[in-house]
Amino acid sequence: MKTTNPSYRWVILIINFLACAMAYAGLTIWSMASGDLAATFQISSVQASLGSGLFMAGYAVGSFVMANLAPKIGFRPCGVIGLGLMVIGTFIIPVSPSYALILLARFMQGWGILWLVGVNSSIAWFPSRQIGLASGIVGGGLTLGIGIGGWVATALISATGSWQAAFKTWAIILLVFTIIWAILFREPSKNMYPEDAPATVTASNAKAVNPYKTIAGWLCIFVLFLDCWQLIGFNSIMASFLQVKGYSAAQAASALLVAGLIGIVATPIGGIVSDNLVKKGMIPLKARAYTQGILGFLVAAISTFIFPFLAPVSYGMAILMSLLCGWGIPVVNATSGALPVDLLKDPEAGGKLFGGTILIGIGLGGILVPSIAVAVSEAAGWNAAFAVLAIGALVGTVISLALPKFSISED
C-alpha cells in the first residue's frame, strides 16, 4: 500500500518541494505590487512595509501552531489548512477595500508557507541516514521559489495586464496545486525502517524533556535566527549597494537572482554532506552542526564581509561574490530542519522544537533584520552594514561548532 511503501517517500518529497517553491515564488508578486498598493491606499512606505512584517509573523506563528497540531490531527490536515489560508489570502489582496484587510491577508499567506510541514513530514518518511537529504531538498524549494519569483511575477503581470489580475491568477494556480497536494499526500507510517527503531526506543525519554529549558534547544533557535540575519539582511541591501556602485538595476537584479538560485544546489548538498558524515560513523547531531557551521555559516561570514570590497571591481566579480554569499545559508537551511530531530532523537518531539525555532528564529529575524541592515547602511555606511551581517554569520559558526557539546543528555 502507498501508505506504508517506503518508496512513496520520493512522491512526498517532490510535492513538498513544489509546495515550498510555489509559496515563495508567489511572494514576489507582492514586492512588485507594493508601490501600486501604496498609491492606491495612500499609505506611507513604512505602512507598506508592514505587509512584509505581517507575512513573517504569520509564517512564524503558523509554523509553531502546526508543529504542535500535526501530532494530533496529522500532516495532511495541517498542510491543507496552510495552503488553504495562502489561497484565500492571495484572493483577498487584489479585491480588498482596505489596507487593514490586506495586512490580514498577508498574515494568512505567511501561515501557508509549508516549510515546517514539508520538512517534518518528509523526514518522517525517510530513514535516519537520509533525513539530511530530505530536509535539504525541501529547503531547496524555498531558494528555487526566491530565484524564479521575479520571472513568475513578470510573466503573470504581463499576461494578465495588472497586478490585481496576476494575484487572482496565481491564487487559482495555488488552489489547483493544493487539491493535487492533498490527493497525493500520505501520512507517514511508524516503524517503516526497523533499523531506526532502536534509536527511537533508547531516546524515548527525550519526549519528556522540555527543549526550551536546555542550552541545546536555544542554540537551535539561535541558529535559525542567525540564518535569517545573513540571508534576509544580505538580500535587503545587496541590490541597492550594487546600484550605488554604478551597476544597472537589471545587473543588480541578476546578481540577486544568482544569490538565490545557488541555493537550489547548496541546500541539497548540505543535506547530502551531513548524511555522508553520519554514514561514516559521525554522531548525527555533530554531522549536521559541523556541516552548517563550516560549509554554511563560515562561507557566508567570509564572503559577506569581503563583498563590498570585491563586488565593485567588475560585474563578473559581483556575480561571483553574490554566488558565494548566497551559498552559505541554504546549507544551514538543509541541516536546521534535521537538527531538532537529531537532538531529541524523536521525529515528533523534534518537529515541535522545529516549530519553536521558526517562531522565534524566523519571527524575530525576518521582522527585525531588514530594518537593521538598512539602518546600519544609512548610519555607518555599506561596509559596516555588510560587516554586521558577516559577524552574525560568524556567531552562527561558533554556535554550530559548540552545539554538540550541549546535547540534551548532558544538559
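The values are calculated or read from the model by the stated rules, or taken from the named source; none is laboratory data. No experiment lies behind these values; they were computed from the predicted model shown. We place every Cβ from the backbone using ideal geometry, glycine too, and count neighbours over all the protein chains shown.
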### Task
Using the structure shown, decide if L242 is more than 22 Å from the chain's Cα centre (by Cα), surrounded by 24 or more Cβ atoms within 10 Å (Cβ to Cβ) and at negative phi.
yes
(1) closer than 24 Å to L175 by Cβ; (2) part of a helix (DSSP H, G or I); (3) not hydrophobic (A, V, I, L, M, F, W, C) all hold for P97 apart from (2)
Picked from the range 44-63 (must be hydrophobic (A, V, I, L, M, F, W, C) and surrounded by 15 or more Cβ atoms within 10 Å (Cβ to Cβ)), the residue modelled with the lowest pLDDT is A48
Scanning the range 297-321 for residues that are in contact (Cβ under 8 Å) with a residue 24 or more places away in the chain and hydroxyl-bearing (S, T, Y) gives S303, T304, Y315
*Being modelled with pLDDT of 85 or more and in contact with a Ser or Thr (Cβ under 6 Å, 6 or more places away or on another chain), is that true of even one residue in the range 240-254?*
no
Q. Would you say F107 is in a helix (DSSP H, G or I), in contact with a helix residue (DSSP H, G or I) (Cβ under 8 Å, 6 or more places away or on another chain), of a type in the set (F, W, Y) and farther than 19 Å from F177 by Cα?
A. yes
Note on the range 111-158: residues more than 25 Å from R9 (Cβ to Cβ) and at pLDDT 90 or above are W111
K280 fails exactly one of (1) under 24 Å from V313 (Cβ atoms); (2) more than 16 Å from the chain's Cα centre (by Cα); (3) not hydrophobic (A, V, I, L, M, F, W, C), namely (1)
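Every residue, every condition in (1) over 14 Å from the mean Cα position of the chain (by Cα); (2) aliphatic (A, V, I, L, M); (3) surrounded by fewer than 22 Cβ atoms within 10 Å (Cβ to Cβ); (4) over 13 Å from I221 (Cα atoms), yes or no:
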residue: L323; (1), (2), (3), (4): yes, yes, yes, yes
residue: L343; (1), (2), (3), (4): yes, yes, no, no
residue: A349; (1), (2), (3), (4): yes, yes, no, yes
residue: I358; (1), (2), (3), (4): no, yes, no, no
residue: G396; (1), (2), (3), (4): yes, no, no, no
Scanning the range 375-411 residue by residue, the ones that are within 20 Å of I302 (Cα to Cα) and not small (G, A, S) total 13
- Query: Out of all the residues in the range 280-295, is one or more at pLDDT 85 or above, more than 30 Å from K72 (Cα to Cα) and of a type in the set (D, E, K, R)?
  - Reply: yes
Does S158 qualify as being assigned to a helix (DSSP H, G or I), within 21 Å of T291 (Cα to Cα) and not assigned by TED's automatic domain parsing to the domain that holds G328?
no
